[in-house]
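None of the figures in this text is laboratory data; all of them are computed from the coordinates on show. Here the structure is a predicted model, which means the values were calculated and not measured. Quick reminder, even Gly has a Cβ in these numbers, built from the backbone with ideal geometry, and neighbours come from all protein chains shown.
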Amino acid sequence: MGSIESRTLTTAAGEPFVVRSARPDDAANLLTYIRSIAEEVGFFIIQPAEFPATEELERKWIEDHLDHPGKLALAAEAAGEIVGSLSFENGPFQRTAHSGTFGVSVRRDWRGKGIGTAMLETLLEWAEKNPLIEKVDLAVFSTNASAIELYRRLGFVEEGRRAKEIKLAPGEYVDEVLMGRFVKAG
């Protein structure tokens, strides 16, 4: 199953937060959160206007992640609000089911406090215990130095680069860095 036990943690400043599996009743709050992240972050692939999701579709997406052995959806919560999210999906075919990719985000006022690290460590621990998952992959904007540093610190290595994969505006491009980490010997 794509779920974890909730973890209550604290930031270096002593602020409590929880990392837990997203729940169907989080649908409205997750949609609000992710739309706000898309508006504030320059490293998000989807523009705010490109979200077709309704609360019902988001609820179904969460349920799918809870029911699928190779998927995981996490929420980081502080003071009753969602301040971070992470989603992981393994490959859809027999030959790709052993690996998957994730996306992670943290609300601006909670960045640099260990929320992203806690969600990634939770994902990696889940993947290590999951008999299906052998490798965790990601793609990150080449300009997102802090994220790349975090991924390297957690054992991810650069496996490739897609030149000008992201078009920010006419004539303005960013490379996409592909990184991966094996969670099992294989």
Cut-off 11 Å (backbone N to label point 7 Å along Cα→Cβ of residue 109), residues of region 68-102
79, 81
quick note, the chain, DSSP beta bridge pairs, % antiparallel (nearest 5) is 95
Put a dot 7 Å past each Cα toward the Cβ at residue 11 and residue 35; how far apart are the dots in nm?
2.5
Separation between the residue 47 and residue 117 pseudo-spin-labels, each 7 Å from Cα along Cα→Cβ, expressed in nm?
3.6
What does the charge add up to near residue 115, with Lys and Arg as +1, Asp and Glu as -1, over the other residues with Cβ less than 13 Å from its Cβ?
+1
On a straight-distance basis, which aspartates and glutamates could pair with residue 60 in a cross-link, Cα separation under 20 angstrom, same-chain partners fewer than 8 positions away excluded?
25, 26, 50, 89
Long-range amide H contacts for residue 11: which residues qualify at under 5 Å (H placed 1.01 Å from N, peptide plane, sequence gap of 5 or more or a different chain)?
17
5 Å is the cut-off here: which amide hydrogens, built 1.01 Å from N in the peptide plane, fall below it relative to residue 22, excluding neighbours closer than 5 in sequence?
73, 74, 75
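For region 68-148, which trypsin sites (Lys or Arg not before Pro) pass both filters: DSSP loop (anything but H, G, I, E, B) and at most 12 other C-beta atoms within 10 Å?
Taking region 68-148 and a limit of 12 other Cβ atoms within 10 Å, the loop trypsin sites (Lys or Arg not before Pro) found are 95.
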Which one is right for this structure if Cα extents along the principal axes in Å is calculated from it: [x] 44, 39, 28; [y] 53, 39, 28; [z] 41, 40, 37?
[z]
What is the order of 157, 83, fewest Cβ neighbours within 10 Å to most?
157, 83
GNM on the chain, Cα springs under 10 Å; top mean-square fluctuation among 80, 91, 103 goes to 80
